[in-house]
1. Neighbouring Cβ atoms within 10 Å as the yardstick, rank Met202, Met273, Met268 fewest first.
2. Which trypsin sites (Lys or Arg not before Pro) in the stretch 134-198 sit in a loop by DSSP (not H, G, I, E or B) and have at most 13 other Cβ atoms within 10 Å of their own Cβ?
3. What is the set of long-range amide H partners of Arg60 at a cut-off below 5 Å, with H atoms built 1.01 Å from backbone N?
4. Between the stretch 72-86 and the stretch 184-200, what is the C-alpha centre distance in whole Å?
5. Over 24 Å between C-alpha atoms is what I'm after, so list which of Lys59/Lys187; Lys72/Lys244; Lys83/Lys187 land there.
6. Using only C-alpha positions, report the orientation-averaged shadow area of the convex hull of the stretch 60-278, nm², one decimal.
7. To the nearest 20 debye, what is the magnitude of the charge dipole of the stretch 60-278 about its Cα centre, counting +1 on the Cβ of each Lys and Arg and -1 on the Cβ of each Asp and Glu?
Amino acid sequence: MEALKEEIKAEAYAIESNVETLVETTPTSSLILPILVTLLLILIGGFLMKRHSLISSNKRSFVICGLQGSGKTNLFHLLTKGKLPVLTVSTLEPGKGELKLSEEYSNQKTFQDIEILDFPANPKLKTLYLTPHLHANLNSVQGIIYIIDSSNFDTKSCHQAAEDLLELMNITEGKPNGVDILVFANKNDLFTSKKSSKIKEMLEAEVSKIYQLKLRGLSKVDLAGKDGGEEDNDNLDLATKDGKFEFQQLEGNVDFAQGNIFKDKWSMIVDWMYEKIVN
């Protein structure tokens, strides 16, 4: 939330500077100047208010995130509208909706105050939206669903997923008992797909590599006499044994599941959510 306040201040300062420049370069007799300034302030204010409402939530929520093209926005539509969208495009801002499930679950009071939040996969947009949201609303997050495309899970996507999960866990492990995460391997019935057990093994190895490199970088900074970078990284120390990271050593549970959102093979996600809500 502090980051959002600072950004609003920065936006306000930029607007003020632009307005002052406009005033200095425009004749005082012009009638269009105050109209332009008013419209500009309304547009910027509306954008900031909308963004604030998207990343703030007072309800219990599940966060959906993951790699680009993994099917995460399709899952968001299934959970909030009960059906797949006709067309999906890359998400540019968070999506928010109420959880809507089949009759088997819909009458249960435990589901009636649950929100689903879908965050963009673009790295810069994750920094803009997801990270501030988790820092400000971690206590209301029931769980995080991280989606990957298991039919196209290569070295590059494994590295990106490991980076994402490392950043998430640095935040979630700061909460007592952590926050549970479900890594869902989508499109798992395709010929080129990797099993969730293999994906877990690859991710643990990649997280170990990245985490150790970051720790070495922080040590060099400390030895140079600069401000240390302990911060969130200490949250993962206990999950690393003999230099090897293991999901099972975390405070929060990290579960792995597989299926295909596009072929109605995702009931394990709902079962996992139900477990997190009632426990």
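1. So the residues, fewest neighbours to most, are Met268, Met202, Met273.
2. Details: sites: Lys156, Lys187, Lys194, Lys195, Lys198; in loops: Lys187, Lys194, Lys195.
Hits after loop and neighbour filter: Lys195.
3. Sorted by chain and number, the residues that satisfy this are Glu115.
4. Result: 21 Å between the Cα centres.
5. Violating the 24 Å Cα-Cα cut-off are Lys59/Lys187; Lys72/Lys244.
6. Computed as one quarter of the Cα hull surface, the answer is 12.5 nm².
7. 640 debye
Bear in mind these aren't lab numbers, they're just calculated from the coordinates by the rules spelled out. These figures come from a predicted structure and were not determined experimentally. Cβ coordinates were reconstructed from backbone atoms using ideal geometry, including for glycine residues, and neighbour counts include every protein chain displayed.
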